[in-house]
Amino acid sequence: MGRFGKNCEANGGTSPSLRGVSFTSKRSPATGLLYALLAYASWGLFPLYWKYFGGVSPLEIVSHRVLWSVLLLALLVAAGRQMREVMAVLQDWHHLLVLLLTASLLSANWGIFIYGVLSGRVVQTSLGYFLNPLISILLALVFLKERLNRWQTAALVLAACGVAHFGWHLGHFPWIAIGLASTFGLYGLLRKVVRVSPLVGLLVETALMTPAALGMIAVLSRSGQAAFGASTSQIWLFASMGVITTLPLLWFNKAAKLLRLSTMGFLQYLVPTLQLLVGVIVFHEPFTRGEGVSFALIWAAIVIYLSSHLRQRTR
């Protein structure tokens, strides 16, 4: 990534093949905050949608999610007349390598999350997204040289205590939570530093995943394990994946361009909070007093961090 960054700096922030292509935004951080809230609220309510796929293989769901998303994204890019930027990205191997990595991280994240929901572990998926902001903040400190003041540091420590308590109370190694947090944390970091617009980047990512998705669907169909086409309602449920998947990712990537990664990290706590509520209230998963303590610690950390952030902006 160091070489990639140096090449960008040497060419005024873009690689040679992307010079002249406009993809930066001059919108305010308030706009970024709106995009972040839209994305995180959508992801927080996702379990309600994926539960309808009970009995369907997570591999088939992820594969169709890729295919329907790439179709919708291609239409949006064509409508926005951004094919020139797509061709520029495809001709730059630095961008392709980074987007291949982000595509792999994204597909792994999708698969782990869907498996967690369908296996009745929504509370553990919420733990993953409680942990994810901590990883995002750590990556921001290490790679982007962002700094926290003493109050923000205290908030980070308090949130870490809440997450550690949550994991300890769970009683076993939370591999679903760790997998979700690590894959999405790295995805957010790489998408923040790669100089490609959100819409075009998502199209290239899903296009890179498409051959594997088609292969998986073919294997499942030949073995008689495919669920797609079983009924008209099932077809519409699969087809809606394009919109369900694409809009929150677009909102997230737009927000990542406008906000600090550490700020994005703390706002992400909206996702597991909503997921936790869905898991407990809608799906009736157990929620103990110990888990309530973890919840309280994390929300206290969010209040401290955002209060400090607002004081900084006021000054």
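Readers should treat all values here as calculations from the given coordinates under stated rules, not as data from a laboratory. Note that this is a predicted model, so its numbers are computed, not measured. For neighbour counting, all protein chains shown are included, and Cβ atoms are generated from backbone atoms with ideal geometry for every residue, glycine included.
Once you treat every alpha carbon in the chain as an equal point and sum by Debye, what is log10 I(q)/I(0) at q = 0.07, 0.10, 0.14 Å⁻¹?
Here log10 of I(q) over I(0) equals -0.28, -0.58, -1.13.
Determine by what factor the alpha-carbon radius of gyration of the range 249-291 differs from 2.2 N^0.38 Å, reporting the quotient.
Values: Rg = 14.1 Å, N = 43, 2.2 N^0.38 = 9.2 Å.
Dividing the Cα Rg of the range 249-291 by 2.2 N^0.38 Å gives 1.53.
How large is the Kirkwood hydrodynamic radius of the range 107-164, counting all unique pairs of alpha carbons, in Å?
12.9
What's the extension gain from residue 151 to residue 243 if we count 0.36 nm per residue and subtract their Cα-Cα distance?
Details: separation 92, 0.36 × 92 = 33.12 nm, distance 3.91 nm.
Going from the current span to full extension adds 29.2 nm.
Run the quick spin-label model on residue 28 and residue 193: label points 7 Å from Cα toward the beta carbon, then report their separation in nm to one decimal.
3.1
For the range 123-275, what ratio Rg/Rh do Cα atoms give with a Kirkwood hydrodynamic radius? Before the final figure, lay out the partial values.
Details: Rg = 18.4 Å, Rh = 17.7 Å.
Answer for the range 123-275: 1.04.
Okay, which of the range 85-121 sit inside 15 Å, backbone N to the point 7 Å along the Cα-Cβ direction of residue 234?
What the label zone holds, given the 15 Å backbone N cut-off, is no residue at all.
Taking the beta-carbon count within 10 Å as an exposure proxy, list 146, 85, 205 from fewest neighbours to most. All intermediate terms of the calculation are to be shown ahead of the outcome.
Working: 146 16, 85 23, 205 28.
Listed from fewest to most nearby Cβ atoms, that is 146, 85, 205.
In nm, to one decimal, how far is the modelled label at residue 307 from the one at residue 74, with both set 7 Å along Cα→Cβ?
5.2
Beyond a 23 Å Cα-Cα separation, which of these cross-linked pairs lie in this structure: 51/254; 51/257; 145/192? Each step should come with its number before you reach the end.
Details: 51/254 28 Å; 51/257 32 Å; 145/192 14 Å.
Listed pairs above 23 Å: 51/254; 51/257.
Note down the nm distance, to one decimal, between modelled labels 7 Å out along Cα→Cβ at residue 288 and at residue 144.
Output for this residue pair reads 3.6 nm.
If I stretch the segment between residue 48 and residue 225 completely, what's the gain in nm (0.36 nm per residue apart, minus their alpha carbon distance), one decimal?
Working: separation 177, 0.36 × 177 = 63.72 nm, distance 2.37 nm.
Contour length minus the Cα-Cα distance gives 61.4 nm.
Order these by the 10 Å Cβ neighbour count, fewest first: 250, 203.
Working: 250 19, 203 28.
Ascending number of Cβ neighbours within 10 Å: 250, 203.
How would 136, 104, 240 line up from fewest to most surrounding beta-carbon atoms within 10 angstrom? Spell out each step's value before the answer.
On the way: 136 27, 104 17, 240 13.
Result, fewest neighbours first: 240, 104, 136.
What does the convex hull of the Cα atoms come to per residue for the range 206-315, in Å³?
Numbers: hull volume 18.9 nm³, N = 110.
Normalising the Cα hull of the range 206-315 by residue number yields 172 Å³.
Would you kindly state how much longer the chain becomes between residue 96 and residue 299 on full extension, computed as 0.36 nm times their sequence separation minus their alpha carbon distance, in nm to one decimal? Before the final figure, lay out the partial values.
Working: separation 203, 0.36 × 203 = 73.08 nm, distance 3.83 nm.
Computed gain between residue 96 and residue 299 is 69.3 nm.
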